[in-house]
1. What is the magnitude of the charge dipole of chain B about its Cα centre, with +1 placed on the Cβ of each Lys and Arg, -1 on the Cβ of each Asp and Glu, and no other charges, expressed in debye to the nearest 20?
2. Quick one: ranking A:80, B:71 by accessible area, 1.4 Å probe, largest first, what do you get?
3. Given the range B:7-55 reduced to its alpha-carbon atoms as identical point scatterers, what log10 I(q)/I(0) does the Debye formula return at q = 0.25, 0.26, 0.29 Å⁻¹?
4. Return the value, in Å² to the nearest 100, of accessible area buried between chains B and A (probe 1.4 Å, both sides summed).
5. Taking every residue in A:98-108, how many Cβ atoms of other protein chains lie within 10 Å of its Cβ, on average?
6. First obtain the Kirkwood hydrodynamic radius of the range A:76-129 from its Cα pairs, then insert it into the Stokes-Einstein equation at 4 °C and 1.567 mPa s, and state the resulting D in µm² per second as a whole number.
7. What accessible area, in Å² to the nearest ten, does a 1.4 Å probe give for residue B:103?
8. Once you have the Kirkwood Rh of the protein assembly as shown from its Cα pairs, apply Stokes-Einstein at 20 °C and 1.002 mPa s and quote D in µm²/s.
Amino acid sequence: MEFQSLGIHEQALKFRALRNQVLSSNIANADTPNYKARDLEFKDALIGAQSGQLSLKTTSELHQQAWSTVRGSGRMMYRVPSQPTLDGNTVETDVEQAAFAENALQYRASLAFLDGKLRTLRYALKGTD
Amino acid sequence: MSLFKVFDVAGSAMNAQSVRLNVTASNLANAGSVSGDPERVYRARQPIFSSFQETLADHSGISGVRLDGIVESSAPVELRYQPEHPEADEHGNVYVSNVNTIEEMVNMISASRSYRNNVEIINTTKDLLLQTLSLGR
């Protein structure tokens with residue numbers, strides 16, 4: 001069940017949670033040979049969430065939607081490293097840490113927005129704080 | 001809640017890094033060990049990491065770290081002429097382990113940094129989850 005009144009924040013929170021996992025996977029594999037760092041694009045997820053669904057055109061009921069177009073997920077992209085490494089690993093720990101910190105902050109922001117929405121709803125229901 | 005997988009991912013990385021620290025400790029402890037037999041002398045060991053995602057998550061892109069094994073270095077062992085040594089062979093030679101102390105120190109620093117990074121990841125994610133739990137209170 002999705003509450004319309006919670007706006008886009010519910011999906012934003014899901015996206016942030018997913019991105020948190022992808023970034024922590026990058027940092028976990030910072031020393032794994034041949035591991036390629038990945039990240040999610042917020043823009044794609046936003047477009048997907050705004051337009052209801054960013055979908056492939058289907059001409060038959062049997063056609064399936066691609067995973068990457070499922071609502072709120074965004075595309076998984078490989079990161080382009082700024083420096084090459086000898087072992088084929090493309091994780092740059094400082095970049096990943098910055099992205100992780102940024103994402104955690106945005107997760108908290110989404111939580112704060114959701115909290116405000118819920119407070120508003122409760123106020124509307126009760127009439128008092 | 002999908003954030004829980006972060007604990008598995010970061011936990012597997014911490015496990016791998018702690019094995020790496022253990023191996024480094026073993027290498028450093030045996031740095032100067034000698035033997036009269038080149039087959040029996042201590043050789044530096046290195047853990048081999050790889051990423052895996054079969055069991056952790058159905059989602060591609062989220063993978064933990066697996067320890068594939070520990071390999072011995074194939075670098076040549078140092079030959080030292082020391083006929084008074086009790087372990088010396090018939091030519092008066094002993095073989096010294098091929099541990100490179102500088103490499104091991106660098107390995108140690110790298111392992112401890114990576115371990116700490118993963119602890120931070122777990123702490124941050126734990127904070128986020130706790131905050132999510134108190135949503136709407």
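The values are calculated or read from the model by the stated rules, or taken from the named source; none is laboratory data. Predicted model only: the values in this text are computed from it and were never measured. Cβ coordinates were reconstructed from backbone atoms using ideal geometry, including for glycine residues, and neighbour counts include every protein chain displayed. Only protein heavy atoms, including side chains, enter the accessible area calculation; ligands, DNA and RNA are left aside. Shrake-Rupley method; radii C 1.70, N 1.55, O 1.52, S 1.80 Å.
1. Details: 11 positive and 16 negative charges, 178 e Å.
Dipole of chain B, to the nearest 20 debye: 860 debye.
2. Working: A:80 125, B:71 70 Å².
Ranked from most to least accessible, the order is A:80, B:71.
3. Those come out to -0.93, -0.97, -1.08, one per q.
4. Working: alone 8880 and 9130 Å², together 15370 Å².
That pair of chains buries around 2600 Å² in total.
5. On the way: counts 0, 0, 5, 2, 0, 2, 5, 1, 0, 7, 4.
Average per residue, whole number: 2.
6. On the way: Rh = 14.5 Å.
Result for D is 89 µm²/s.
7. 110
8. Details: Rh = 21.8 Å.
Rounded, D is 98 µm²/s.
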